[in-house]
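Just below is one structure, and these are the notes that go with it.
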Amino acid sequence: MVDGNSSTLKLRSLSTLVLVPPALAVAYLGSPYLDVLLAVVAVVLAWEWDRLCGRGRFRESGVALMVVTLAAVAAA
């Protein structure tokens with residue numbers, strides 16, 4: 001195993017240990033907490049998508065994508 005992969009695995013495992021308990025708690029508590037979590041996740045995914053498409057840069061289109069995503073989640 002290459003050191004870079006081992007480091008990535010450790011970081012991902014630590015992220016899982018940190019993020020799963022709050023996500024399970026929010027899923028258990030339900031609305032409105034789950035709705036807020038889903039909106040936050042959708043906006044973060046829109047931000048990441050814009051960075052992937054923009055070769056690591058966040059562009060104006062990313063702001064528009066985040067706003068539209070948030071509006072779609074709010075409408076749902």
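The values are calculated or read from the model by the stated rules, or taken from the named source; none is laboratory data. Bear in mind that the values here come from a model prediction, so they are computed numbers and not experimental data. Because the Cβ atoms are built from the backbone with ideal geometry, glycine has one as well, and the counts that use them run over all protein chains shown. All accessible areas refer to the heavy atoms of the entire protein, side chains included, with ligands and DNA or RNA removed. Shrake-Rupley method; radii C 1.70, N 1.55, O 1.52, S 1.80 Å.
Considering only VAL40, GLY62, LEU29, the residue lying farthest towards the positive end of the dipole of the chain is GLY62, judged by Cα position with unit charges set on Cβ.
Estimated at 0.36 nm per residue, the fully extended path between ALA64 and VAL40 surpasses their Cα-Cα distance by 7.1 nm.
What the chain shows is 81 Å² of accessible area per residue, with the surface traced by a 1.4 Å probe over protein heavy atoms. Average 1/r across all pairs of distinct alpha carbons in the chain, invert it, and you get the Kirkwood radius: 14.4 Å. Would you mind classifying segment 14-53 by shape? Square roots of the alpha carbon gyration tensor eigenvalues, ordered a ≥ b ≥ c; an a/c under 1.5 is rounded, otherwise it is prolate if a/b is larger than b/c and oblate if not. It is oblate, given that a/c is not under 1.5 and a/b is not larger than b/c.
How much of the accessible area of the chain, in percent, comes from carbon and sulfur atoms when a 1.4 Å probe is used?
Heavy-atom surface of the chain belonging to carbon and sulfur, 1.4 Å probe: 71 percent.
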